[in-house]
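What follows is a short report on a single structure.
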Amino acid sequence: MGSNGTKPYRLVARERRPHPTVVEVKGIRIGGPGVVVIAGPCSVESEAQLLETARGVKAAGAHILRGGAFKPRTSPYDFRGLGKAALELLAEAGKRTGMPVVTEVLSEKDVDLVARYADILQVGCRNMANYALLEAVAETGKPILLKRGMAAKIREWLLAAEYILARGNDRVILCERGIRTFDDEHYRNLLDINAIIVARGESHLPVIADPSHGTGRSRLVTPAALAAIAAGANGLMVEVHPDPPRALSDGFQSLTLAEFSTLMRRLSAVCGALGRPLAQAAPRQP
Ligand code: PEP
Ligand code: MN
């Protein structure tokens with residue numbers, strides 16, 4: 001709290017608006033009553049890999065397609081994405097399957113390029129506090145999917161969102177993606193369910209969960225996804241690959257298409273129990 005009792009994230013604070021913010025992209029409403037599912041590969045690897053994944057996740061009920069073109073990798077020698085070629089493939093796959101697309105922008109210098117192809121720009125956890133990048137993505141006016149830093153306080157995450165709103169763009173989707181923890185024997189990160197509840201209470205912005213990075217293990221993804229929705233998340237972002245052992249990045253946390261279908265069936269049951277519908281699919285483009 002500020003000294004006068006107001007929240008430091010003035011524009012992001014729930015008190016600022018009587019109703020939750022709904023971010024609409026090509027007919028999909030994120031932050032409304034419906035639960036929204038974003039799915040696709042960690043990285044765009046080829047046209048065949050992307051199209052097979054896009055068709056599969058769409059058939060299972062996903063609303064939005066994800067796929068990395070510029071990949072932040074811990075080692076510079078790992079696969080770092082196909083760049084512009086991946087953006088072209090992603091936009092084409094989105095068009096062919098009738099889904100809006102989201103992809104990460106790693107650097108200020110790529111903002112205009114990525115904004116030409118993507119419907120939603122993702123700022124990754126490593127860039128949450130890159131304030132120059134936050135202001136640059138805000139200027140595009142596109143929806144921004146803002147991941148929480150792997151060791152960021154909730155206040156820091158909400159203040160990062162504040163940078164975007166302060167630049168006149170309120171189309172921000174918060175994404176909890178797991179935090180660093182001491183026990184990494186059984187998982188990579190700890191999906192912070194508490195943070196989903198707190199962020200939903202503190203802010204009018206939609207909050208989604210990424211149980212793929214949030215666990216780092218494919219067998220944990222579905223139960224963690226269901227827990228996040230039960231805790232009040234507005235949606236999910238899930239990594240899916242047609243052949244996870246052969247994935248060029250994050251195969252160990254990627255679901256197969258069959259596993260993703262199972263997730264969607266279980267999600268539909270949980271949504272039924274919660275009295276919250278799955279969001280409507282995008283109307284198909286003629
Ligand atoms: C991703 O979504 O592919 C990604 C790299 O996420 P994060 O920034 O959460 O690690
Ligand atoms: Mn990934």
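The condition of being surrounded by 18 or more Cβ atoms within 10 Å (Cβ to Cβ) and part of a loop (DSSP other than H, G, I, E, B) holds for only one of Ala225, Ala195, Ala199, Ala233, that being Ala233.
Can you say whether Ile196 is of a type in the set (Val, Ile, Thr), within 16 Å of ligand 2 (Cβ to nearest atom) and within 16 Å of the chain's Cα centre (by Cα), as far as the supplied structure shows? In short, no.
When the range 100-133 is limited to residues that are in a strand (DSSP E or B) and among the aliphatic types (A, V, I, L, M), the one that is surrounded by the most Cβ atoms within 10 Å (Cβ to Cβ) turns out to be Val101.
In the range 150-160, which residues are without any contact (Cβ under 8 Å) to a residue 40 or more places away in the chain and either of a type in the set (Ser, Thr, Tyr) or surrounded by fewer than 20 Cβ atoms within 10 Å (Cβ to Cβ) (or both)?
Looking only at the range 150-160, we keep the residues that are without any contact (Cβ under 8 Å) to a residue 40 or more places away in the chain, and these are 150-153, 156, 160.
Within the range 150-160, Met150, Ala151, Ala152, Lys153, Glu156 meet the criteria.
Go through the range 91-113 and report how many residues are farther than 20 Å from Gln49 by Cβ and β-branched (Val, Ile, Thr). Lay out the reasoning, then the answer.
Just the residues of the range 91-113 that are farther than 20 Å from Gln49 by Cβ, to begin with: 105-113.
Narrowing the set further to residues that are β-branched (Val, Ile, Thr) leaves 105, 111.
The total comes to 2.
So how many residues does the range 229-253 have that are under 18 Å from Ile64 (Cα atoms) and of a type in the set (Gly, Ala, Ser)? Break it down into steps so the answer makes sense when it comes.
Looking only at the range 229-253, we keep the residues that are under 18 Å from Ile64 (Cα atoms), and these are 229, 233-242.
From what is left, the residues that are of a type in the set (Gly, Ala, Ser) are 233, 235.
So the answer is 2.
Restricting attention to the range 184-220, the residues that are within 16 Å of ligand 1 (Cβ to nearest atom) and either touching a His at 6+ places or on another chain (Cβ under 8 Å) or over 25 Å from Val23 (Cα atoms) (or both) add up to 10. The residue that is nearest to ligand 1 (Cβ to nearest atom), counting only those in the range 47-69 that are within 22 Å of Val105 (Cβ to Cβ) and without any contact (Cβ under 8 Å) to a residue 40 or more places away in the chain, is Gly67.
Against the list (1) touching a helix residue (DSSP H, G or I) at 6+ places or on another chain (Cβ under 6 Å); (2) at negative phi; (3) within 15 Å of ligand 2 (Cβ to nearest atom), the condition Pro242 fails is (3).
Would you confirm whether any residue within the range 64-82 is more than 19 Å from the chain's Cα centre (by Cα), closer than 30 Å to Pro242 by Cα, surrounded by 14 or more Cβ atoms within 10 Å (Cβ to Cβ) and not basic (Lys, Arg)? Yes, some residue in the range 64-82 is more than 19 Å from the chain's Cα centre (by Cα), closer than 30 Å to Pro242 by Cα, surrounded by 14 or more Cβ atoms within 10 Å (Cβ to Cβ) and not basic (Lys, Arg). Six or more apart or on different chains, Cβ under 6 Å: which pairs go from a residue in the range 165-186 that's in a loop (DSSP other than H, G, I, E, B) to one that's of a type in the set (A, V, I, L, M, F, W, C) and surrounded by 13 or more Cβ atoms within 10 Å (Cβ to Cβ)? Could you list them? Here the result reads Arg167/Ala138; Asn169/Ala138; Arg171/Val23; Arg177/Cys125; Gly178/Leu190; Gly178/Leu191; Arg180/Met150; Thr181/Leu190, each pair linking the range 165-186 to a residue that is of a type in the set (A, V, I, L, M, F, W, C) and surrounded by 13 or more Cβ atoms within 10 Å (Cβ to Cβ). Report, by residue number, each residue of the range 216-261 that is within 16 Å of His63 (Cα to Cα) and hydroxyl-bearing (Ser, Thr, Tyr). The one that is within 16 Å of His63 (Cα to Cα) and hydroxyl-bearing (Ser, Thr, Tyr): Ser261.
To keep it simple, each residue is scored yes or no on (1) away from ligand 1 (no atom under 16 Å from the Cβ); (2) free of Cβ contacts under 8 Å to residues at least 24 places away in the same chain; (3) not in a helix (DSSP H, G or I).
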| site | (1), (2), (3) |
| --- | --- |
| Pro242 | yes, no, yes |
| Pro245 | yes, yes, no |
| Ala258 | yes, yes, no |
| Ser261 | yes, no, no |
| Arg266 | yes, no, no |
| Ala269 | yes, yes, no |
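Against the conditions (1) surrounded by fewer than 19 Cβ atoms within 10 Å (Cβ to Cβ); (2) among the β-branched types (Val, Ile, Thr); (3) part of a strand (DSSP E or B), Val238 satisfies every one except (1). Considering the conditions (1) within 11 Å of ligand 1 (Cβ to nearest atom); (2) in a helix (DSSP H, G or I); (3) not basic (Lys, Arg), Met150 is excluded by exactly one of them, (2).
If only one of Tyr9, Tyr77 is of a type in the set (Phe, Trp, Tyr), free of Cβ contacts under 8 Å to residues at least 24 places away in the same chain and at negative phi, which one is it?
Details: Tyr9 fails: free of Cβ contacts under 8 Å to residues at least 24 places away in the same chain.
Result: Tyr77 is the single residue among Tyr9, Tyr77 that is of a type in the set (Phe, Trp, Tyr), free of Cβ contacts under 8 Å to residues at least 24 places away in the same chain and at negative phi.
Applying the condition of being within 16 Å of ligand 1 (Cβ to nearest atom) and assigned to a loop (DSSP other than H, G, I, E, B) to the range 247-256 and asking which residue is surrounded by the most Cβ atoms within 10 Å (Cβ to Cβ) yields Ser254.
Every number in this text was worked out from the coordinates using simple rules, so none of it is lab data. Computed from a predicted structure; not experimentally measured. When we count neighbours, we look across all protein chains shown, and the Cβ atoms used for this are built from the backbone with ideal geometry, even at glycine.
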